[in-house]
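The structure under discussion appears below in the form of structure tokens.
The values are calculated or read from the model by the stated rules, or taken from the named source; none is laboratory data. All of these numbers come straight from a predicted model, not from anything done at the bench. Don't worry about glycine lacking a Cβ; one is built from the backbone with ideal geometry, like all the others, and counts go over all protein chains shown.
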């Protein structure tokens, strides 16, 4: 039995979501501060949940490790750090639980283990979406020592949303495999009557072969054929040779039935 589609779907989206969440966690680009006073127009600051970097459009290497106690002391930063790390760990645990349940090296998958792994992956996606959505909602209200003129969303927010949605969808689809619904279609199963009908269409039963009867020993009265044995023997298109036994019998019969010749009769009358 091949792996059901819902398990393939979940096992593909879960690692992809984990990679996107990992990038969103470690990269310092949750928001971007532009038009900072007393700085060149080409300079901007990127803030994440672990680090803050100063970049310019002309330089390639950013200046990271900036201190901002007011920013890192905000409640959302502490919550985001804990929930994003927990999301990464739960995703790995869910994938590890789901792998032996998906195939388990048997004909049929272990739906209980696969569903439990899908539930863990679903929870990890929720753990990712909650802090990112909260951070996006209060992004302009987060205090910082740097006077902020223009605040823009960083690419980590976009990657975190996509990764969390991947994990939520993949985990939910794997979890619904625990319950057998839609006639087993959610598990990739087919109904028995449809399988039998498909096999019947592909391999129809052979037609019975009717052989003509060649038995001629039945009597004419019990035979339903409108001709007799003699007619079958006479109706030939080539001369049939007679058997020697038949010729001897016919010759002896003709010899006894032949009348006496005239010479024998005349000789007998003269003697008398």
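Quick look at the numbers
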| item | result |
| --- | --- |
| Selection within segment 112-143 - surrounded by 18 or more Cβ atoms within 10 Å (Cβ to Cβ) and either at pLDDT below 85 or part of a loop (DSSP other than H, G, I, E, B) (or both) | 142 |
| Residues (without any contact (Cβ under 8 Å) to a residue 40 or more places away in the chain, surrounded by 15 or more Cβ atoms within 10 Å (Cβ to Cβ) and under 30 Å from residue 114 (Cα atoms)) located in segment 49-92 | 81, 90 |
| Residue within segment 35-48 that is outside any helix (DSSP H, G or I), at pLDDT 85 or above, crowded, with 17+ Cβ neighbours inside 10 Å and out of contact with any strand residue (DSSP E or B) (no Cβ under 8 Å at 6 or more places or on another chain) present | yes |
| All positions within segment 63-76 that are in contact with a strand residue (DSSP E or B) (Cβ under 9 Å, 6 or more places away or on another chain) and part of a helix (DSSP H, G or I) | 71, 72 |
| Unmet requirement for residue 147, which otherwise passes all of (1) in a helix (DSSP H, G or I); (2) touching a residue at least 40 places away in the same chain (Cβ under 8 Å); (3) over 35 Å from the mean Cα position of the chain (by Cα); (4) surrounded by fewer than 16 Cβ atoms within 10 Å (Cβ to Cβ) | (1) |
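Here's the yes/no breakdown for (1) closer than 13 Å to residue 91 by Cβ; (2) in contact with a strand residue (DSSP E or B) (Cβ under 7 Å, 6 or more places away or on another chain); (3) free of Cβ contacts under 8 Å to residues at least 24 places away in the same chain; (4) surrounded by fewer than 22 Cβ atoms within 10 Å (Cβ to Cβ):
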residue	(1), (2), (3), (4)
5	no, no, no, yes
9	no, no, no, yes
12	no, no, no, yes
18	yes, no, no, no
22	yes, no, no, yes
26	no, no, no, yes
30	no, yes, no, no
